[in-house]
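Since every read-out is calculated from the coordinates, none of them should be taken as a lab result. Computed from a prediction, not measured in an experiment: that's the story for all the values here. Virtual Cβ from ideal backbone geometry, glycine too; neighbours counted across all protein chains shown.
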Amino acid sequence: MFDKTKIYTVESVTSGHPDKVCDQISDAILDECLRGDSKSRVAVENFGGHGILNIGGEVTTKSEIDFEDIAKKVYSDIGYKDNLKVDCNIACQSPDIAQGVDTGGAGDQGIMYGYATDETDEFLPKGLVLAHKLAKGLEKLRKNTDVAWLYPDGKSQVTIEGDKSRSVLISTQHDANISQEEIRETLIQKLIKDIITDKNIEIYINPTGKFVQGGFEADTGLTGRKIMVDTYGGLAPHGGGAFSGKDPSKVDRSAAYMARFVAKNIVANKMAKKCMVSVAYAIGRAEPLMVEALDENGKSLASFVNDKFDFRPNAIIERLVLQKPIYKQTACYGHFGKEGLPWENVEDLA
């Protein structure tokens, strides 16, 4: 991770990508639960495709939730106009898990990672920042201009060589009556050239030559299947736990946010140029099994981190104020590097 990689590639996806549709529905449900009951326990996943969405999981809340209505609104707001049949199978949280979480313990075992680098204003790798900007730019272009032939589903991909962009790939759903030549010219002029400033880059747009069918019409989607897009593009380790649809008692989410918070603050306070933080938990136990932090040279900063930061689940929730309905905004274009999210705040560590 800390080596000067000569070449790497990262990707992002639009809000209309089937997996991201599911992520947004899961987090919209979570937000609605927290809006009426900040102590809600939520673990909701969705599986959708070809006209049907299946919502499953465990929810314990005082809020009144219309799962079908939330799902259909999210789907429509993204830009899809077809009918969606919604099936729900929601139960309460297992009492075996609850007895450990109720006393402040972690909601599951696992390993979580956080990462930061000083190479961009977002404290994220350059390629990842560019990939998110391209994917989000596709959505803005579709919604805010007269490019009516753009449809919701899409992907971006950026290859970086050294510190320069080497290639850009855009795959975007489109109207059947638009030519590939017009798609290419429009996206170069109205999207790519404003984001990718490096010269002599290779540009690939809809490499198959056609992308008319998209979303649930063409593919299935699943909550939690874009964990690299959500985090660091594969350029830092990942413990395997997804984020969307999980309340902050689930350390898969809250501890990953805390690890990012710590890594970013270490870099922002110029204690390192790059930092990776890792933490591990046992289910039902509050104290983490381990906390490690490494700078770009592999030097451990764990002693400082353990002195300054409390990784117990309840302490994380309190420090980052995580029991608020703030999560749907994280479900697209990465959970990190966005202004206004509490784990992105920078503090003085002196």
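Simple point charges give the picture: +1 on the Cβ of Lys and Arg, -1 on the Cβ of Asp and Glu, and for the stretch 121-266 a dipole about the Cα centre of about 420 debye.
Derived scalar couplings between HN and Hα for the stretch 158-171 equal 10, 10, 10, 10, x, 10, 10, 6, 9, 8, 10, 10, 10, 10 Hz in order, rounded to whole Hz, by the Karplus curve 6.51 cos²θ - 1.76 cosθ + 1.60 (θ = phi - 60°), x for Gly and Pro. Here the dipole of the chain is about 560 debye; that uses its Cα centre as origin and unit charges on the Cβ of Lys and Arg (positive) and Asp and Glu (negative). Per residue, the convex hull spanned by the Cα atoms of the stretch 53-193 amounts to 189 cubic angstrom.
Under the criterion of Cα pairs below 8 Å and six or more residues apart, the relative contact order for the chain equals 28 percent.
Charge dipole (Cα centre; +1 on Lys/Arg Cβ, -1 on Asp/Glu Cβ; no other charges) of the stretch 103-187 amounts to roughly 60 debye. Per-residue ellipticity at 222 nm, computed for the chain from helices alone with -39500 (n - 2.57) per DSSP H run of at least four residues, works out to -9000 deg cm²/dmol. Taking amide H as placed 1.01 Å from N in the peptide plane, V86 has its amide H under 5 Å from the amide H of L53, each at least 5 places away in sequence or on another chain. Taking the charge dipole of the chain about its Cα centre, with +1 at Lys and Arg Cβ atoms and -1 at Asp and Glu Cβ atoms, the residue from G56, W343, S38 reaching farthest to the positive side is W343.
Each Lys or Arg adds one and each Asp or Glu subtracts one; over the other residues with Cβ under 12 Å from the Cβ of G51, this totals -2.
Charge tally for A236 (other residues, Cβ to Cβ under 11 Å; Lys, Arg +1; Asp, Glu -1): +2.
Restricting the GluC sites (Glu not before Pro) of the stretch 13-107 to loop positions (DSSP other than H, G, I, E, B) with no more than 12 neighbouring Cβ atoms within 10 Å leaves E64.
Annotation for E185 and K164: the two label points, set 7 Å from Cα along the Cα-Cβ direction, are 2.8 nm apart.
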